[in-house]
1. Select from segment 52-84 the residues that are basic (Lys, Arg) and without any contact (Cβ under 8 Å) to a residue 12 or more places away in the chain and list them in ascending order.
2. Given Ala17, Ala91, Ala7, which one is under 18 Å from the mean Cα position of the chain (by Cα), outside any loop (DSSP other than H, G, I, E, B) and of a type in the set (Gly, Ala, Ser)?
3. Cβ-Cβ under 7 Å, sequence separation 6+ or interchain: first residue in segment 102-128 and in contact (Cβ under 8 Å) with a residue 12 or more places away in the chain and farther than 19 Å from Phe34 by Cα, partner of a type in the set (A, V, I, L, M) and not in a helix (DSSP H, G or I). Which pairs?
4. Between Ile41, Ile9, Ile49, which is buried (at least 16 other Cβ atoms within 10 Å of the Cβ), of a type outside the set (Ser, Thr, Tyr), free of Cβ contacts under 8 Å to residues at least 60 places away in the same chain and touching a helix residue (DSSP H, G or I) at 6+ places or on another chain (Cβ under 8 Å)?
5. Would you be able to tell me the number of residues in segment 57-84 that are surrounded by fewer than 18 Cβ atoms within 10 Å (Cβ to Cβ), touching a Ser or Thr at 6+ places or on another chain (Cβ under 9 Å) and either assigned to a helix (DSSP H, G or I) or among the basic types (Lys, Arg) (or both)?
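Readers should treat all values here as calculations from the given coordinates under stated rules, not as data from a laboratory. All figures in this text were calculated on a predicted structure; none of them were measured in a lab. Counting neighbours? That spans all protein chains shown, and the Cβs are built from the backbone with ideal geometry, glycine included.
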Amino acid sequence: MHWRMLAVISAGGVLGALARYGLTSAFPSPASGFDWAVFGINASGCFCIGLVIVVLTESRQAHYLIRPFLATGVLGGFTTFSTYIVGVQRALIAGAPRTALLYGAVTPVVALAAAWGGIRLAAGITGIARQAAPDEPAPDGPAPDEVSA
């Protein structure tokens, strides 16, 4: 089972890394500039991770290898926080400390907000936010009509 898990994560990682490479090649950034491609990759990847994790966790029919393939493999290979740090370093070396500071500070905040947004959207899609089913107890205790006087 471990070999299958490693194989699907690796295959997904290759796909995610190729997608990232394609985007960063198509949208290169000057050393002293804000790296919009990597910023967008990290923000969109974190959003998708939040979405995928919740949807697959709630899905009773998802194969057990889908989550590691998509979340760990594809989206883990797609997002690139190591390259984000290199972008901060490049901006500092190029003499753009304000850009480095802005890029360094904004990226993790936006990435966390994007992941939260993906989680919230998926929760709405899957109905996690709905009230408990009639045969399940309410999360806050018994329903008002079940309380004896």
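1. First, pick out the residues of segment 52-84 that are basic (Lys, Arg): 60, 67.
Result: Arg60, single match.
2. Working: Ala91 fails: under 18 Å from the mean Cα position of the chain (by Cα); Ala7 fails: under 18 Å from the mean Cα position of the chain (by Cα).
One residue alone meets the criteria, Ala17.
3. As it stands, the answer is Ala123/Ala129, since those pairs meet every condition given.
4. Working: Ile9 fails: free of Cβ contacts under 8 Å to residues at least 60 places away in the same chain; Ile49 fails: free of Cβ contacts under 8 Å to residues at least 60 places away in the same chain.
After applying the criteria, what remains is Ile41.
5. The number of residues fulfilling the criteria is 5.
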